[in-house]
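The values are calculated or read from the model by the stated rules, or taken from the named source; none is laboratory data. Model, not experiment: these values are computed from the prediction. Here the Cβ is made from the backbone with ideal geometry for all residues, glycine too, and neighbour counts use every protein chain on show.
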């Protein structure tokens, strides 16, 4: 079944087509969210939200991009919205703790993240790299994850991020420079 048939079936509310779309894209959606959020449970929850959004907003899909690009765009948008909400909540917790000095416990602790890829031989290096990626500015992080971890082409990334290919190239160039600096700083501090 081609992409147009999938979109038409989904627009008609065909449950079997919806299940087929989930089957086709669930791993890509989950992996993208996992790389963005670095939390298995959050990635699972948001994956479900992405597919609910796909089902509810398919009427707005105009076909100017491929179905997969549209789904990636929804995925990245949901992930970024979640990260922003989490940051606001964290800021509120920090402010609240400042006004409640009798509490000795921190408002939020940095959670440790164990990515499934970290089960590899080079667990320590993979952990360091993922933490470095997570420190990148938002757009650089998204471009890097979509390029290097999700293996999308520059064209696909530009469509997902709704920007030009030259902007994607620039974001990836700056991401690599920033990663080199972050990793150099890390190794200088910890192994000198």
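Put simply, of 132, 126 the only residue that is surrounded by 17 or more Cβ atoms within 10 Å (Cβ to Cβ) and modelled with pLDDT under 95 is 132. Only one of the numbered conditions (1) at pLDDT below 95; (2) surrounded by fewer than 17 Cβ atoms within 10 Å (Cβ to Cβ) is violated by residue 159, and that is (2). Is one or more of the residues making up the stretch 178-186 at pLDDT below 90 and within 16 Å of residue 32 (Cβ to Cβ)? Among the residues of the stretch 178-186, not one is at pLDDT below 90 and within 16 Å of residue 32 (Cβ to Cβ), which makes the answer no.
Yes/no per residue for (1) part of a helix (DSSP H, G or I); (2) in contact (Cβ under 8 Å) with a residue 60 or more places away in the chain:
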{"residue": "28", "(1), (2)": "yes, yes"}
{"residue": "32", "(1), (2)": "yes, yes"}
{"residue": "35", "(1), (2)": "yes, yes"}
{"residue": "56", "(1), (2)": "yes, no"}
{"residue": "59", "(1), (2)": "yes, no"}
{"residue": "65", "(1), (2)": "no, yes"}
